[in-house]
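A quick write-up on the structure given underneath.
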Amino acid sequence: MALLQISEPGMSTAPHQHRLAVGIDLGTTNSLVATVRNGISVVLNDENGSALLPSVVRYAADGSVTVGEAAQAMQSEDAANTIVSVKRFMGRGLADIGEVSRLPYRFVDTPAADHKPGQGAGMVQLRTVAGVKSPVEVSAEILKVLRRRAEAALGGELVGAVITVPAYFDDAQRQATKDAARLAGLNVLRLLNEPTAAAIAYGLDNAAEGVYAVYDLGGGTFDISILRLSRGVFEVLAANGDSALGGDDFDQRIHCWLLEKNHLSALSPQDTRLLLTHARAAKEQLTEHGETHITAVLSNGEVIDNVLTRSEFQAMSQNLVQRTLQPLRRALRDAKLGVADIKGVVMVGGATRMPQVQHAIGEFFGQEPLTNLDPDKVVALGAAIQANLLAGNRGGDEWLLLDVIPLSLGIETMGGLAEKIIPRNSTIPTARAQEFTTFKDGQTAMSIHVVQGERELVSDCRSLAKFELRGIPAMVAGAARIRVTFQVDADGLLNVSAREMGCGIEAAITVKPSYGLSDTEITRMLQESTQHAQDDMQARALREQQAEAEQLLEAVQHALELDGGLLDQAGREKIEARMVALRDTLQLADHLAIKRAATALNEATVSFAQARMDKSVASVLAGKNISDLEVKP
Amino acid sequence: MQLASFDFQQNHFQLFGLAQSYRIDMPRLEQQYRALQALVHPDKSAHLPDAEQRVAMQRATLVNEAYRTLRSPIRRARYLLSLHGVDIQEENNTVMPQDFLMAQMEWREAVVEAQQARDATALGQLETRMEHETRELEAQLAVKIDAEKDYAAAAGLVRKLRFMEKLAEEIHAAYDAMDT
């Protein structure tokens with residue numbers, strides 16, 4: 001209900017109960033869940049006191065699924081069925097995954113062209129003993145564990161969650177993440193960019209003002225965001241990065257070094273995973289120590305025993321660190337800023353603990369990076385703060401977040417060239433419309449290929465979707481005018497709609513996502529995963545609907561008291577009648593009936609809500625109370 | 001105040017409560033932009049029914065688009081001229097003064113040379129000169145639109161600025177290319 005939110009400045013909103021919302025950092029290596037308790041953002045631990053849930057999922061032959069440390073413990077023994085770093089496969093085709101031969105999985109390629117129902121089109125799949133799994137399903141298993149952890153800790157159902165994604169994630173990767181959350185039964189309040197989440201946690205904590213850079217080197221992704229923080233506004237000026245570069249790559253370097261040192265080739269999946277695990281441990285050791293011993297016994301009994309020094313490690317990984325500087329320079333150029341304009345550099349992600357990373361970044365910016373935050377937790381903490389805001393729990397001290405789309409959106413034109421429609425670093429939500437015409441007499445259909453990326457050739461960009469426009473009225477070539485609108489929402493997700501301008505016919509659109517799951521697939525997966533929990537679902541739905549209906553009634557009542565004068569007699573009567581109808585259904589144990597009545601009431605209040613919002617907007621335009629309306633940190 | 005003040009039909013200047021002119025009060029634009037977004041941004045209605053989230057998205061999209069248009073000198077000029085019903089003919093009027101075109105060609109050659117020599121200093125100098133030139137054109141634009149109301153001359157200046165904009169894009173691309 002907008003009615004709650006838009007009360008006049010200085011007036012308190014209606015009292016209502018705290019709505020349970022969480023922030024989830026769905027990481028390549030580890031995942032976390034956090035929430036705001038008593039005004040403070042805290043990470044929720046599991047029953048053993050661990051905050052970090054290893055992002056590892058193991059499928060057993062009997063169909064059972066283990067997630068986290070238990071799965072991680074089996075990663076060498078059962079490498080093919082134990083999926084680590086699944087985030088690297090989200091929204092990705094087989095061709096995108098460079099290190100396929102070095103990974104212990106049985107990949108199933110599903111090119112968009114021969115996409116069958118039940119498989120994510122284009123997105124790579126993994127064959128396990130429990131069947132073929134999409135990265136979306138694997139990620140959903142991680143999210144389910146975090147959801148249960150949160151519900152147990154908070155003692156109630158969640159209203160929703162903010163899920164973080166790398167700022168440099170493209171549309172396919174974002175959509176895959178949102179699908180995974182839906183599959184895990186989470187209501188996604190927002191997809192939030194990881195560096196932005198970190199900036200919220202840092203900025204609010206330190207009352208920071210000025211331009212900051214957030215350098216986020218995670219397990220599998222790298223982001224750089226430049227933000228301007230001023231008077232409670234977090235404005236992202238530019239984002240850049242590399243969604244296939246992270247701490248994992250440093251492990252790979254050590255892994256390759258081990259292979260070379262020991263003259264090894266063509267290891268089994270088990271041995272590959274074993275050495276990667278040791279490589280990661282060695283990397284972490286070298287943060288504190290000058291050298292580390294790597295000892296392991298391969299499955300054939302061969303013993304690996306090597307000493308790796310920090311300087312050797314730094315030499316072999318130097319170009320990885322250098323690779324992060326290029327996106328950094330681009331982000332600064334896009335923001336039209338120089339190094340001297342940056343007031344502070346916030347370091348995020350476990351991989352920023354490596355001394356060579358801190359050194360290189362300190363040197364680049366000419367200042368010591370800020371490392372007083374826990375680089376593993378700051379994203380989840382920021383996401384929780386934002387989730388609390390989005391759930392409607394805060395009053396008064398709100399802030400505004402203006403984020404951007406990281407990669408340009410375009411369409412394919414003649415000769416396989418990409419024409420940019422929405423340039424990168426456009427503030428979201430944003431929309432652009434483009435007119436197309438027919439090039440043949442009597443043409444009634446056309447296809448539009450949407451791509452994302454900065455390169456000139458379509459083949460160098462990411463294919464997002466192919467749209468078929470049908471039902472164009474037959475006319476001479478060039479006479480039809482089809483207006484296609486590209487809308488990017490606040491999650492950074494693209495929606496496309498089309499209309500024939502001449503006769504106003506809404507052209508039908510068939511969406512073929514190049515790398516995604518269709519709505520029917522998501523629905524099917526949801527049904528499968530919840531079949532046995534059907535009764536729980538019913539009970540849960542009922543409780544949720546009852547709580548929501550009560551909140552809605554309270555909010556409408558409050559709004560009527562404040563601004564009832566904006567309504568005419570008929571409008572008021574309609575709303576009041578539907579309030580009575582909703583109250584009546586609350587007695588019934590039928591969540592669908594409650595939902596119908598709540599929807600009816602909502603519909604009746606839409607224009608009222610708009611009128612109230614207009615009233616607030618009007619007071620801004622009148623120039624009065626500007627200072628009252630401004631958000632403050 | 002009228003309730004219908006968030007009218008999708010009102011022009012970008014009206015949206016921010018600004019006078020309709022080329023020279024605008026930038027700090028006020030920014031202040032009004034933030035105040036409006038603080039009301040209409042989808043984050044404010046994330047917990048509300050879909051219909052209201054859609055309204056919020058449309059309004060926030062419009063506010064972003066209006067801000068993007070007014071903040072940029074060339075986009076602001078284009079928009080103002082379109083409000084005055086002037087066709088700038090950016091795509092089809094390619095008749096430009098000879099000396100301007102010659103200068104443009106020289107600029108471009110210099111950019112390509114700097115890129116090939118991987119000479120960031122030279123590129124930086126070009127960028128500074130290009131920006132200076134752009135500011136010059138924008139100053140003329142202010143006179144033509146606000147003082148003289150000579151929209152035909154202003155349209156010519158916008159076409160020149162389009163060349164400068166493309167040049168800026170090429171310099172940007174050259175920096176990127178030198179990075180890889």
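The table below gives the values:
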| quantity | calculated |
| --- | --- |
| Reachable lysines, given that their alpha-carbon falls under 21 Å from the alpha-carbon of A:Lys343 and they are not under 8 places away in the same chain | A:Lys632 |
| Whichever lysines have a C-alpha closer than 28 Å to that of B:Lys160, once near sequence neighbours (fewer than 8 apart) are set aside | A:Lys336, A:Lys420, B:Lys144, B:Lys149 |
| Ordering of B:63-70, A:368-375, A:96-103 by burial proxy (mean other Cβ atoms within 10 Å per residue, highest first) | B:63-70, A:368-375, A:96-103 |
| Built amide H within the under 5 Å cut-off of B:Tyr22, gap 5+ | B:Asp146 |
| Zone residues, the stretch A:360-377, relative to A:Ser50, backbone N less than 18 Å from point 7 Å out along Cα-to-Cβ | A:376-377 |
| Gain on full stretching of the segment that runs from B:Asp150 to B:Glu113 - 0.36 nm per residue minus C-alpha separation | 9.5 nm |
| Nearest-ten-degree value, helix A:569-585 long axis tilted from longest Cα axis of chain A | 60 degrees |
| Compactness relative to 2.2 N^0.38 Å, alpha carbon Rg of chain A | 1.02 |
| Cβ-Cβ FRET estimate between A:Arg148 and B:Arg23, R0 fixed at 60 Å, reported to 0.05 | 0.50 |
| Neighbour-count ranking [beta-carbon atoms within 10 angstrom, fewest first] of B:Ser72, A:Ser616 | B:Ser72, A:Ser616 |
| Length released on extending from A:Arg106 to A:Glu419, taking residue separation times 0.36 nm less the Cα-Cα span | 109.0 nm |
| Rg/Rg_globular for the stretch B:98-179, with Rg_globular taken as 2.2 N^0.38 Å and Rg from C-alpha atoms | 1.23 |
| Alpha carbon centroid spacing (whole Å) that separates the stretch B:105-180 from the stretch A:31-75 | 53 Å |
| Gap separating the Cα centres of the stretch A:323-387 and the stretch A:418-493, nearest whole Å | 35 Å |
| Linear extension gain, A:Arg596 paired with A:Val132, 0.36 nm per residue minus alpha-carbon span | 163.3 nm |
| In degrees, nearest ten, helix A:591-621 long axis to first principal axis of chain A (Cα) | 80 degrees |
| From phi via Karplus (6.51, -1.76, 1.60), per-residue ³J(HN,Hα) for the stretch A:189-198 in Hz, x at Gly/Pro | 6, 6, 8, 10, 5, 4, x, 5, 4, 5 |
| Cα-projected label distance for A:Ala570 with B:Arg75, points at 7 Å along beta-carbon direction, nm | 4.1 nm |
| Inter-site label distance for A:Glu288 and A:Arg37 at 7 Å from Cα along Cβ, in nm | 2.7 nm |
| Placed amide H near A:Phe467: partners under 5 Å, 5+ positions off or other chain | A:Ile448, A:His449, A:Val450 |
| Burial order of peptide ranges B:25-34, A:328-337 (average beta-carbon count within 10 Å, highest first) | A:328-337, B:25-34 |
| Calculated from backbone phi, Karplus (6.51, -1.76, 1.60) coupling profile of the stretch B:146-151 in Hz, x at Gly/Pro | 6, 8, 8, 6, 9, 6 |
| Helix A:534-563 vs. chain A, principal-axis angle (Cα, 0 to 90°, nearest 10) | 50 degrees |
| The stretch A:211-290: equivalent-ellipsoid semi-axes (sqrt of 5 x gyration tensor eigenvalues, Cα, Å) | 37, 13, 9 |
| Where the Cα pairs of the stretch A:80-226 fall when distances are cut into 5 Å bins, in % | 2, 9, 16, 18, 18, 16, 11, 6, 3, 1, 0 |
| Inter-part distance where the stretch A:125-201 and the stretch A:290-307 are each reduced to a Cα centre, Å | 36 Å |
| For residues of B:50-60, the mean tally of beta carbons on other chains within 10 Å | 5 |
| In Hz, Karplus ³J(HN,Hα) per residue of the stretch A:250-259 (6.51, -1.76, 1.60; θ = phi - 60°; x = Gly, Pro) | 5, 4, 4, 4, 5, 4, 5, 4, 5, 4 |
| Cut-off under 5 Å, modelled amide H: who pairs with A:Leu237 long-range | A:Ile226, A:Leu227, A:Arg228 |
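Rule-based calculations on the coordinates, nothing more; no lab input. Only a predicted model underlies this, so the values are computations on that prediction, with no experimental measurement involved. Here Cβ is always computed from backbone atoms with ideal geometry, including for glycine, and neighbour counts include all displayed protein chains.
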